[in-house]
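See structure below.
The values are calculated or read from the model by the stated rules, or taken from the named source; none is laboratory data. As the structure is a computational prediction, the values presented were derived from the model and not from experiment. Methodologically, a virtual Cβ is constructed for each residue, glycine included, from the backbone with ideal geometry; neighbour enumeration extends over all protein chains shown.
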Amino acid sequence: MTVALICGCAVLLDLWLGEPRRYHPLAGFGRLANWLEARLNRRRRALGVLALALAVLPLVLLAAALARLPQVGVVAEVLLLYLAIGATSLAQHGRAVAAALAGGDLALARQRVGWMVSRDTAVLDEEGVARAATESVLENGNDAVFGALFWFLLLGAPGAVLYRLVNTLDAMWGYRSERFESFGWAAARLDDLLNWPAARLTALSYALLGDGRRALRCWRRQGRRTASPNAGVVMAAGAGALGLQLGGPAVYHGVVETRPLLGEGQAPAASDIVRAIRLVQRSLWLWLGVIVLAALLV
């Protein structure tokens, strides 16, 4: 029951406060990652492994030490899990894009979706903005919410911190470019490994709370089409659950990439960004309900 209470309190804190606007620990971690990369990136895998260990292990050990503190350990676990999840921030970013699109301000919508995705947004039309935002909401439902919850349930606060830090490093170093292909290899592969079980539970959650038959069909047929072993599973199931088709061409760093089509149905619009947000939120309540039920039965 303690684990269920910690999860519930962390989610309620996220709903109440959202992400810290100033002095978020992940911002400081990002600066540490940039410092390590500047000094260790010689485009060698071994140095990437070293940088990963130097960035992550001390903070995971610190989280373990804080969680073991008498009397205040539970409070520390609540705060660490709260900092590891970002459901409210994800919803805020998605709704901001949807509001700009609904108001006919394409320039503002492009700017706001640029805060959510790494693709070039200046060339996107309204459909492209809605597609990018919807994909980001569905994928980050796993990356920013359910992955951290899963590893907290498995390993406690150190597991949530490990997951969130590795996921952050993957976002910073996990590019298939000349600069990062070797150095970021360890972070990218470890992120794939940590996300594997959570991504499939996220996809199942989307299927249970949307068009389940279509979601499962898209997951089965399309989940392996993406380079990532996890992103395709999550987005295919989410798109199928919502009756949308995602994927297709996108511009990254001036180069057009043809991505696989995921899901079935209509092209996304502004209202579908909000539908994706609601699917993530309902999935979060489903997870909390299962966690509480499991605690009561044990």
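In table form, for the structure just shown:
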quantity	calculated
Matching entry among 290, 251 (being surrounded by fewer than 19 Cβ atoms within 10 Å (Cβ to Cβ) and free of Cβ contacts under 8 Å to residues at least 12 places away in the same chain)	290
Helices (runs of 4 or more DSSP H) wholly inside the range 117-185 containing at least 2 residues that are surrounded by fewer than 22 Cβ atoms within 10 Å (Cβ to Cβ), hydrophobic (A, V, I, L, M, F, W, C) and in contact with a Pro (Cβ under 6 Å, 6 or more places away or on another chain)	none
Yes/no for residue 26 being modelled with pLDDT under 95 and outside any loop (DSSP other than H, G, I, E, B)	yes
Per-region count, the range 231-248, residues surrounded by fewer than 24 Cβ atoms within 10 Å (Cβ to Cβ) and of a type in the set (A, V, I, L, M, F, W, C)	1
Scan of the range 216-230 for residues that are free of Cβ contacts under 8 Å to residues at least 12 places away in the same chain and either buried (at least 19 other Cβ atoms within 10 Å of the Cβ) or in contact with a Pro (Cβ under 6 Å, 6 or more places away or on another chain) (or both), ordered by number	none
Residue list for the range 1-35, restricted to those being under 18 Å from residue 168 (Cβ atoms) and more than 22 Å from the chain's Cα centre (by Cα)	35
Residue list for the range 41-73, filter: farther than 24 Å from residue 183 by Cα, of a type in the set (A, V, I, L, M) and in a helix (DSSP H, G or I)	62, 63, 64, 65, 66, 67
Only listed residue being over 27 Å from residue 63 (Cα atoms), part of a helix (DSSP H, G or I) and without any contact (Cβ under 8 Å) to a residue 24 or more places away in the chain, chosen from 213, 275	213
Qualifying residue in the range 257-270 (condition: assigned to a helix (DSSP H, G or I) and either of a type outside the set (Val, Ile, Thr) or within 21 Å of residue 95 (Cα to Cα) (or both))	yes
Matching residues, the range 113-155, being of a type in the set (Val, Ile, Thr), modelled with pLDDT of 95 or more and farther than 17 Å from residue 280 by Cβ	129
Single residue of 100, 38, 91 found to be assigned to a helix (DSSP H, G or I), more than 25 Å from the chain's Cα centre (by Cα) and closer than 26 Å to residue 116 by Cα	38
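Okay, residues lined up against (1) farther than 25 Å from residue 185 by Cα; (2) crowded, with 16+ Cβ neighbours inside 10 Å:
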| position | (1), (2) |
| --- | --- |
| 24 | yes, no |
| 48 | no, yes |
| 53 | no, no |
| 65 | yes, no |
| 70 | yes, no |
| 77 | yes, yes |
| 81 | yes, yes |
| 85 | no, yes |
| 93 | yes, yes |
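Residue-by-condition table, conditions (1) modelled with pLDDT under 95; (2) at negative phi; (3) acidic (Asp, Glu):
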residue: 209; (1), (2), (3): no, yes, no
residue: 215; (1), (2), (3): no, yes, no
residue: 218; (1), (2), (3): no, yes, no
residue: 223; (1), (2), (3): yes, yes, no
residue: 226; (1), (2), (3): yes, yes, no
residue: 237; (1), (2), (3): no, yes, no
residue: 243; (1), (2), (3): no, no, no
residue: 250; (1), (2), (3): yes, yes, no
residue: 253; (1), (2), (3): yes, no, no
